[in-house]
Structure formats: C-alpha cells, structure tokens
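Okay, so here's the structure we're looking at.
The values are calculated or read from the model by the stated rules, or taken from the named source; none is laboratory data. Since this is a predicted model, take the numbers as computed values, not measurements. Every residue, glycine among them, receives a Cβ derived from its backbone with ideal geometry; neighbour counts consider all protein chains shown. Each accessible area value is taken on the protein alone, full model and side chains, heavy atoms only, with ligands, DNA and RNA left out. Shrake-Rupley method; radii C 1.70, N 1.55, O 1.52, S 1.80 Å.
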Amino acid sequence: MTTVTLGIASVEQGRERLTAAFRGEAQGHHIAFASVELLWKVLTAKRWELLQAMTGQGAMSIREVARRVGRDVKAVHGDVHALLDAGVLERGDDGRVVFPYDAVHVDFTLRTAA
C-alpha cells in the first residue's frame with residue numbers, strides 16, 4: 001500500500017527531508033504546504049471528495065471523476081486543475097488524471113495562540 005502524507009512544512013524542513021533522501025534515507029511520500037491556511041485553501045471539501053473518489057483507483061478522465069462524485073464536469077474540471085497546479089494530482093501522457101496513492105494521512109499540529 002502506498003500512503004501519502006499531507007502536511008505542513010517550512011522550506012527548511014523540505015530541505016532537510018531532501019538532504020536525508022540524498023543520503024539514502026527513505027522519506028516516504030509527502031505533499032507539503034507552507035501553512036495550514038494554504039492546505040485548507042487547496043483542499044476544500046469538494047476537492048477532498050475528489051481525492052476520496054480517486055484514492056487507489058488509477059488514472060481516469062475528468063468526466064469519470066465527475067460521474068463518481070455526482071458533480072458537474074465543468075466544476076470538477078476546475079477543482080482537478082487546482083489540484084494539478086498544487087501538485088496533489090498528476091496527469092498521465094494520455095491526459096487522464098491520477099492520485100497515485102492507496103491511502104492518505106494528514107499530519108499537522110494545532111498549537112495555542114501566542
């Protein structure tokens with residue numbers, strides 16, 4: 001099973017993960033956002049629904065994604081492109097889109113206000 005971790009990471013944390021990967025240390029699959037606000041801006045409720053429908057399902061057309069979630073193709077098209085732009089989804093050579101993971105783990109910590 002391939003699990004991706006969605007989380008919050010600074011540029012420095014990203015560099016540390018990259019450096020460790022170059023040393024041969026396994027890092028797993030990560031998609032990092034600069035802030036919790038950006039994570040929620042990209043992963044709206046409707047886009048999260050798309051990810052749920054696409055997790056572990058392989059490549060599919062935007063029309064098929066829309067059919068699976070019961071939404072308008074035009075609206076799904078916009079959400080898919082937002083997820084592609086954010087690097088959450090991938091596009092295959094055949095034009096279909098894929099979320100190439102079997103599971104998603106969301107990881108961030110909410111701390112007390114300063």
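Keeping the other protein chains in place, figure out the carbon and sulfur percent of the accessible area of the chain, with a 1.4 Å probe.
Whole-percent figure for carbon plus sulfur exposure: 51.
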**Request:** Sort TRP48, TRP40 from largest to smallest accessible area, using a 1.4 Å probe on the heavy atoms of the protein chains.
**Result:** TRP40, TRP48
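Restricting attention to the stretch 1-90, which trypsin sites (Lys or Arg not before Pro) occupy a DSSP loop and are surrounded by at most 15 other Cβ atoms within 10 Å?
ARG23
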**Probe 1.4 Å, protein heavy atoms only - accessible area per residue of the chain in square angstrom** = 64 Å²
**Prompt:** Using only helices, what value at 222 nm comes out for the chain when you add -39,500 (n - 2.57) per DSSP H run of length 4 or more and divide by the total residues, to the nearest 500 deg cm²/dmol?
**Reply:** -13000 deg cm²/dmol
**Request:** Take every DSSP beta bridge whose two residues both sit in the chain, then give the antiparallel share in percent to the nearest 5.
**Result:** 25 percent
**Item:** Rounded Å value of the spacing that divides the Cα centres of the stretch 84-103 and the stretch 1-71
**Value:** 10 Å
**Request:** With a 1.4 Å probe and every protein chain left in place, tell me how much accessible area SER61 has, in Å² to the nearest 10.
**Result:** 50 Å²
**Request:** Classify the stretch 25-95 as rounded, prolate or oblate from the Cα gyration tensor: take a ≥ b ≥ c as the square roots of its eigenvalues, call it rounded if a/c is under 1.5, otherwise prolate when a/b beats b/c and oblate if not.
**Result:** oblate
**Request:** With all protein chains present, calculate the accessible area of ILE31 using a 1.4 Å probe and round the result to the nearest 10 Å².
**Result:** 20 Å²
**Prompt:** Taking the Cα centre of the chain as the origin, how large is its charge dipole in debye, to the nearest 20, when only Lys and Arg (+1) and Asp and Glu (-1) carry charge on their Cβ atoms?
**Reply:** 280 debye
**Fill in**
Measuring from the longest principal axis of the C-alpha atoms of the chain, the long axis of helix 73-85 (C-alpha) lies at a number of degrees, nearest 10, equal to 20 degrees
